[in-house]
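Nothing in this text is a laboratory measurement; each read-out follows from the coordinates by a stated rule. Computed from a prediction, not measured in an experiment: that's the story for all the values here. Positions of Cβ are backbone-derived with ideal geometry, glycine not excepted, and every protein chain shown enters the neighbour counts.
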Amino acid sequence: MKIDMIDRQILNELAQDSRLSMRSLAKRINLSAPSVTERVRQMESYGLIKRYGLTINYEKLGSPIECLVEASIKEGR
């Protein structure tokens, strides 16, 4: 699949807000809603768009600290 500048604009907009309707997305990039819908479907079927996500504000949930831990295991210990 060849990705052009319009596809890149679509990906950029969806990265900012994956809940955009096809109509809203089309308005943002000045293309018709059916054209945007077809392009998004092609990118989904090709596997370029793997999933749509959610970012949680953990601070608002009362967990202001986020921590990543990496551990290495040597000789089964």
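Quick notes on this one:
- Here the calculated FRET efficiency for N30 and I3, from their Cβ-Cβ distance with R0 = 25 Å, stands at 0.85, rounded to the nearest 0.05.
- Remark: relative contact order (the chain) = 20 percent; criterion is Cα-Cα distance under 8 angstrom and separation of 6 or more residues.
- Relative to the Cα centre, the charge distribution of the chain, modelled as +1 at Lys and Arg Cβ and -1 at Asp and Glu Cβ, gives a dipole magnitude of about 220 debye.
- In terms of packing, defined here as the mean over residues of other Cβ atoms within 10 angstrom, the peptides 62-74, 16-28 line up highest first as 16-28, 62-74.
- Among (i) 3, 10, 15, 14, 8, 7, 7, 7, 6, 5, 4, 4, 3, 3, 2, 1, 1, 0, 0, 0, 0; (ii) 3, 12, 20, 16, 10, 7, 9, 11, 6, 3, 2, 1; (iii) 3, 14, 15, 18, 16, 11, 8, 6, 4, 2, 0, the entry that matches P(r) over Cα pairs in 5 Å bins from 0, in percent as calculated here: (ii)
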